[in-house]
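Everything below concerns the one structure shown next.
Since every read-out is calculated from the coordinates, none of them should be taken as a lab result. Just so you know, these numbers come straight off a predicted model, no measurement behind them. Glycine also receives a Cβ, built like all others from the backbone with ideal geometry; neighbour counts cover every protein chain displayed.
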Amino acid sequence: MTKLIVCLTGMPGAGKSTIAEGLKPKGYDIINMGNAVREEAKKRNLESTRTNLGKLMLELREKNGLGAIAELVKPQIESSTANVILIDGIRSTDEIEVLRKLGSVKLLAIHALTDTRFDFLQKRGRSDDPQTKDHFEERDNRELGVGISSPIALSDYAISNIGLTKDKLIETTFKIIQSWIE
């Protein structure tokens with residue numbers, strides 16, 4: 001059976017990581033693209049700050065092509081024994097092309113209101129999460145600059161994470177993925 005690679009895409013704070021965490025118990029392998037950049041930062045002895053991680057992400061793409069972050073997670077996908085692999089944080093069509101060589105790819109876009117995303121990111125507590133509106137807008141612009149709008153626009157399905165409880169968001173996503181398996 002070909003691996004089903006479900007790529008979660010959406011602006012920062014839309015609910016991708018919440019979905020990934022919530023679906024872990026279903027036996028899916030979860031791969032977070034941001035964590036791949038954080039790991040690379042650790043290898044280079046860079047502190048995982050908003051500025052460092054942003055620069056590193058751009059540098060990796062500049063040096064190794066626009067699919068560079070997907071290339072970083074390839075070994076995890078290739079060694080996975082799960083039938084469904086959830087990729088948290090697809091940002092470009094180039095990344096999708098890298099993944100298409102490894103399995104059957106489906107794109108799932110998550111949408112959320114700007115204020116909701118900002119509030120969530122402020123509370124989440126990752127070292128690179130924006131703490132001011134300016135930092136938030138700067139991050140959104142960086143994401144848009146690397147091409148995140150394309151995977152969102154080209155998604156196989158989109159979930160509007162507006163007024164959904166955490167459980168409902170996870171349950172909705174699970175049903176969509178199940179429909180892709182069947």
Virtual spin-label span in nm between residue 43 and residue 24, 7 Å along Cα→Cβ: 2.3 nm
If you place +1 on the Cβ of every Lys and Arg, -1 on the Cβ of every Asp and Glu, and leave all else neutral, what size is the dipole of the chain about its Cα centre, to the nearest 20 Debye? 280 debye
Do the alpha carbons of any pairs in 24/123; 3/123; 55/101; 24/74 sit beyond 24 Å of each other, and which pairs? 3/123; 55/101
Cα centroids of segment 41-80 and segment 100-134: how far apart, whole angstrom? 17 Å
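Treat every Asp and Glu Cβ in segment 106-172 as -1 and every Lys and Arg Cβ as +1, leave all other atoms uncharged, and give the resulting dipole magnitude about the Cα centre to the nearest 20 debye. Walk me through the numbers on the way to the answer.
Details: 10 positive and 12 negative charges, 37 e Å.
Magnitude of the dipole: close to 180 debye.
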Relative contact order of the chain (C-alpha contacts under 8 Å, at least 6 apart) in percent is 35 percent
Kirkwood Rh, angstrom, segment 14-57 [1 / mean 1/r, Cα pairs]: 11.7 Å
log₁₀ of I(q)/I(0) at q = 0.14 Å⁻¹ - the chain, Debye sum with one point per alpha carbon: -0.73
